[in-house]
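Working notes, beginning with the structure itself.
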Amino acid sequence: MSNLVAKIQEHYSDHVISTKEFRDEHTVVIRKEAIKAVMQYCRDHLDLQMLLDICSIDHESIDPRFEMVYELSTIDDSQHIRIKTPVAEDEEVDSVSDIWATADWHEREVYDMMGIKFTDHPNMKRILMWEGYPYYPLRKEFPLAGKPTDMPDVAFTGVAPMEGGPFVTSSSATSTVAAEPRAKGES
């Protein structure tokens, strides 16, 4: 057991569901209610200053259906830990964007792709799909081929943004050098 895991277990013993070590990677699974406090503790007392990633897993047929995964590291990457928390279908998770600014976009992506919302997030709206898109593309029930959806008109323009501009390209060029954009009239 790593020193980080031991400290989290000692400080949050009532909230730790399980721990796991696999190939020198340490994971702590905690109750959803404690996610914000544990994240604050990791940053302020365990020197885990970097939030590397936030993602989610869809277990579809298991309850709770989702699992949030947070990857934390020290600045010099000498220590690394994974924090997981189970999340039921209609539950929200506390945002950690006030602890790490980088969580803002990670949480928006999780919301956009999986439909998990974050409480107290400063800008909880879609980041990849357009507002009003009715599906969550990374959920297990979403078909690989996608679903037909009417895209709003704002996503299309009548004229290509550079059409008639100062540069031209050759899509039929035989080499990448010949295909590079050039000023009109250059060969």
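Some observations on this one:
- Only one of the numbered conditions (1) in contact with a strand residue (DSSP E or B) (Cβ under 6 Å, 6 or more places away or on another chain); (2) within 12 Å of LYS84 (Cα to Cα) is violated by MET39, and that is (1).
- Test: residue in segment 104-122 that is on the phi > 0 side of the Ramachandran plot, modelled with pLDDT under 90 and of a type in the set (Gly, Ala, Ser): no
- Test for ARG82: is it touching a strand residue (DSSP E or B) at 6+ places or on another chain (Cβ under 9 Å), modelled with pLDDT of 95 or more and either more than 25 Å from VAL38 (Cα to Cα) or not in a helix (DSSP H, G or I) (or both): yes
- Hey, GLN49 surrounded by 13 or more Cβ atoms within 10 Å (Cβ to Cβ) and within 22 Å of ASP104 (Cα to Cα) or not: yes
- Count of segment 86-102 residues which are buried (at least 16 other Cβ atoms within 10 Å of the Cβ), under 11 Å from ILE54 (Cβ atoms) and in contact with a strand residue (DSSP E or B) (Cβ under 6 Å, 6 or more places away or on another chain): 3
- Considering only residues in segment 1-56 that are of a type in the set (A, V, I, L, M, F, W, C), more than 22 Å from the chain's Cα centre (by Cα) and over 24 Å from ALA101 (Cβ atoms), the one that is modelled with the lowest pLDDT turns out to be MET1.
- Residues that are among the small types (Gly, Ala, Ser) and in contact (Cβ under 8 Å) with a residue 60 or more places away in the chain within segment 51-99 comprise just one, SER56.
- The residue that is nearest to PRO64 (Cα to Cα), among those in segment 105-128 that are part of a helix (DSSP H, G or I) and in contact with an Asp or Glu (Cβ under 8 Å, 6 or more places away or on another chain), is MET114.
- Residue, surrounded by the fewest Cβ atoms within 10 Å (Cβ to Cβ), within segment 60-73, restricted to residues that are modelled with pLDDT of 95 or more and touching an Asp or Glu at 6+ places or on another chain (Cβ under 8 Å): PRO64
- Boolean, ALA173 is over 17 Å from the mean Cα position of the chain (by Cα), loosely packed, with under 10 Cβ neighbours inside 10 Å, modelled with pLDDT under 85 and part of a loop (DSSP other than H, G, I, E, B): no
- When residues in segment 1-35 are screened for being in a loop (DSSP other than H, G, I, E, B), acidic (Asp, Glu) and within 17 Å of GLU67 (Cβ to Cβ), 0 of them pass.
- Segment 103-152 - residue that is more than 25 Å from GLU60 (Cβ to Cβ) and acidic (Asp, Glu) and, of those, surrounded by the most Cβ atoms within 10 Å (Cβ to Cβ): ASP104
- Every test in (1) touching a residue at least 24 places away in the same chain (Cβ under 8 Å); (2) part of a helix (DSSP H, G or I); (3) not β-branched (Val, Ile, Thr) is passed by LEU48 save one, and that test is (2).
The values are calculated or read from the model by the stated rules, or taken from the named source; none is laboratory data. Every value quoted in this text rests on a predicted model; they were computed, and no experiment measured them. Reconstructed Cβ throughout: ideal geometry from the backbone, glycine too, with neighbour counts over all protein chains shown.
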